[in-house]
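To start, the structure under review is shown below, and the notes come after it.
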Amino acid sequence: MAEQMNGTRILILETREEAQFSGLLRERGAEVLQCPMFTIEDAPDPAPVEAWIGRYLAEPFDDLVLTTGEGLRRILKAARRTGCESAFIEAAGTSRKFARGPKPGKALRDIGLAPDVTTEKPTSEGIAEMLAGYDLKGRRIGLQLYPEKDHTALIGAIEAQGATVDNVLPYIYDSRTADTNILAAIDDMEAGRVDAIALTSSGQVRRLLEAARLHGRDEQLRNALAKTPIASIGPIVSDELNAHGFHASITPAGGAYFMRPLIAAMSAALGKSTAHNAAR
């Protein structure tokens with residue numbers, strides 16, 4: 001029988017799949033404290049996104065590289081807005097599709113498609129390594145980018161293989177409105193009102209540090225994380241934590257770096273801890 005987290009207070013920073021993550025935690029009896037790191041907005045200028053879709057429809061790309069599920073959903077939203085969503089899905093079906101990890105793959109399956117290849121490493125570097133194994137000479141590559149990342153190296157690596165890259169950035173992050181929530185979360189952790197913080201991307205680690213530094217709360221954040229168990233979804237997040245002097249005490253077992261294995265690991269660790277504390 002799975003361990004339960006009845007009454008355990010879990011702080012989550014997930015934004016893109018917050019509803020799913022919250023629901024899975026609540027199924028285990030946890031109380032979810034939500035602190036989105038940013039809000040996701042459509043690209044402020046829709047023209048480049050719509051032009052990219054137009055080029056895709058006029059002559060479908062040989063390959064489509066999706067770096068995030070959110071990116072595909074925003075592209076579909078733009079296509080829907082201009083009345084060509086069905087045509088775009090049909091065109092995407094003709095392309096060979098590369099997915100950066102499981103989330104773009106899920107977004108493809110939601111529209112009846114599937115990735116032809118999924119990276120073993122869900123990073124931009126992982127995409128470059130994966131594509132290095134294919135002959136891309138003369139191929140047209142549609143590349144979906146994501147915010148707050150310098151993609152120069154990735155684009156250069158693809159072009160070095162003789163491909164033509166046509167990239168699109170369909171959404172942006174707005175972090176300004178989230179700072180108040182982040183500072184309140186740091187206060188809650190330091191005061192012992194949080195039983196664990198769950199991190200699902202390396203960007204969440206950087207965002208916490210950025211907000212703390214901007215508001216002079218660096219030391220408070222370190223104190224808060226020192227007394228709060230940190231659950232990491234996988235090695236990329238754990239490596240980011242380690243790089244800043246933090247350590248994840250809860251990680252999924254068996255190399256399964258997804259939400260459900262993470263929650264199972266949290267249930268095992270925090271459920272036992274809760275039962276032990278109650279017995280005391």
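Summary table below
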{"quantity": "Spans of strands (runs of 3 or more DSSP E) in the stretch 127-186 with at least 3 residues surrounded by fewer than 18 Cβ atoms within 10 Å (Cβ to Cβ)", "calculated": "164-168, 171-174"}
{"quantity": "Count of residues meeting criterion [under 17 Å from PRO122 (Cα atoms) and exposed (fewer than 15 other Cβ atoms within 10 Å of the Cβ)] in the stretch 236-253", "calculated": "1"}
{"quantity": "Selection from the stretch 208-233 of residues that are surrounded by fewer than 15 Cβ atoms within 10 Å (Cβ to Cβ), closer than 30 Å to GLY271 by Cβ and not basic (Lys, Arg)", "calculated": "ASN223, ALA226"}
{"quantity": "Of all residues in the stretch 226-280 being in contact with a Phe, Trp or Tyr (Cβ under 6 Å, 6 or more places away or on another chain) and either among the small types (Gly, Ala, Ser) or part of a helix (DSSP H, G or I) (or both), the one that is modelled with the highest pLDDT", "calculated": "GLY234"}
{"quantity": "Verdict on ILE197 being surrounded by 21 or more Cβ atoms within 10 Å (Cβ to Cβ), part of a helix (DSSP H, G or I) and of a type in the set (A, V, I, L, M, F, W, C)", "calculated": "no"}
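The values are calculated or read from the model by the stated rules, or taken from the named source; none is laboratory data. Remember, predicted model here, so these are calculated numbers, not experimental data. Cβ coordinates were reconstructed from backbone atoms using ideal geometry, including for glycine residues, and neighbour counts include every protein chain displayed.
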